[in-house]
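Working notes for the structure below.
The values are calculated or read from the model by the stated rules, or taken from the named source; none is laboratory data. What you are looking at is a predicted structure, and each value in this text was computed from that prediction instead of being measured. Ideal geometry is used to build each Cβ from the backbone, glycine not excepted, and the neighbour counts take in all protein chains shown. Calculation scope for accessible area: heavy atoms of the full protein, side chains included, ligands and nucleic acids excluded. Shrake-Rupley method; radii C 1.70, N 1.55, O 1.52, S 1.80 Å.
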Amino acid sequence: MKIYNSNLGAATRALRVILSLKQVSIKIIDIDMASGENRNSSFLKINPAGVLPCLELDNGKVIGEVNAIAEYLDEIYPKNLISGSTPEERAETRMRMRQCDWLVIVPLANAFRHGRGKKFFSGRINIYESLSDPSLKLAKDGMEWINTHLQENKYLCGLRISYADIVFYSMIKFLLEAIRISVKIDFPYLYNYIEKLDLHEGIGNIK
Ligand SMILES: N[C@@H](CCC(=O)N[C@@H](CS)C(=O)NCC(=O)O)C(=O)O
């Protein structure tokens, strides 16, 4: 098996954190994301989605999306589980991941890609500049919701840390810094959650 990685992105960092927490070692192939190697024809033959990370199995099958990779790794290496240990826990993890994706990560990524990040993303995706501001508003609505959830919950799934936290934390931290907004005043529980994971051994210290 091998993982296609870049040290630039947030989803790739999330996968490195997952490997470290699960104590799993898989061959890493670095792709030059800055120069757009992930979008060239030879990489598109590996992952037609053109994004990183992805996992290539020994039979040549390629799995993209860090959450799908996390679940796959839990199934083949059932130690240090990050999806949950019962059907109910796994369903809860998927639910929280999907809520974070829909409500926060996707709109925040669109705010960045079509706004401050448009220079990097032009030529990779179509750029629609008018999408940036409304996407940021939608992301803030989502952050409001997550902030309320985190007022009562230590992690996204209560007391249990899961891959949903690792992916959400990695993505939101990267995107907030890239867009240059702080959530300290408006969403204090979300801010505290990010700080907590910054300090979490095996998560915040993994580059
Ligand atoms: N939803 C995907 C996100 C993949 C993604 O957007 N990857 C970024 C790096 S974090 C990427 O490849 N960006 C470079 C590009 O789009 O050209 C996942 O969870 O794996």
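Using the beta-carbon distance between residue 77 and residue 39 and R0 = 35 Å, what value does 1/(1 + (r/R0)^6) give for FRET efficiency, to the nearest 0.05?
Details: r = 31 Å, r/R0 = 0.88.
It comes to 0.70.
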Mind checking which aspartates and glutamates have their C-alpha under 14 Å from residue 22, skipping anything on the same chain fewer than 8 residues away? 71, 74, 75, 201
With a 1.4 Å probe and all protein chains left in place, how much accessible area per residue does the stretch 87-198 have, in Å²? 54
Using +1 on the beta carbon of Lys and Arg, -1 on that of Asp and Glu, and nothing else charged, what's the dipole of the chain about the Cα centre, debye to 20? 460
Leaving ligands, DNA and RNA out of it, report the carbon-plus-sulfur percent of the accessible area of the chain at a 1.4 Å probe. 52
For the stretch 2-76, dividing by residue count, accessible area per residue (probe 1.4 Å) in Å² works out to 47
Mind jotting down a quarter of the surface of the convex hull over the alpha carbons of the stretch 87-198, in square nanometres, one decimal? 7.0
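Relative to the compact globular guide of 2.2 N^0.38 Å, what is the alpha carbon radius of gyration of the chain, as a ratio? Spell out each step's value before the answer.
Details: Rg = 16.8 Å, N = 207, 2.2 N^0.38 = 16.7 Å.
In units of the 2.2 N^0.38 Å rule of thumb, it is 1.01.
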Pairs of alpha-carbon atoms within less than 8 angstrom and 6+ residues apart define the contacts here; what relative contact order does the chain have, in percent? 22
Kindly flag which residue pairs out of 2/61; 154/184; 79/154; 79/196 have an alpha-carbon separation exceeding 20 Å in this structure. 79/154; 79/196
Rounded to a whole number of µm²/s, how large is the Stokes-Einstein D of the stretch 2-76 at 20 °C and 1.002 mPa s, given Rh as the Kirkwood radius over C-alpha pairs? 173
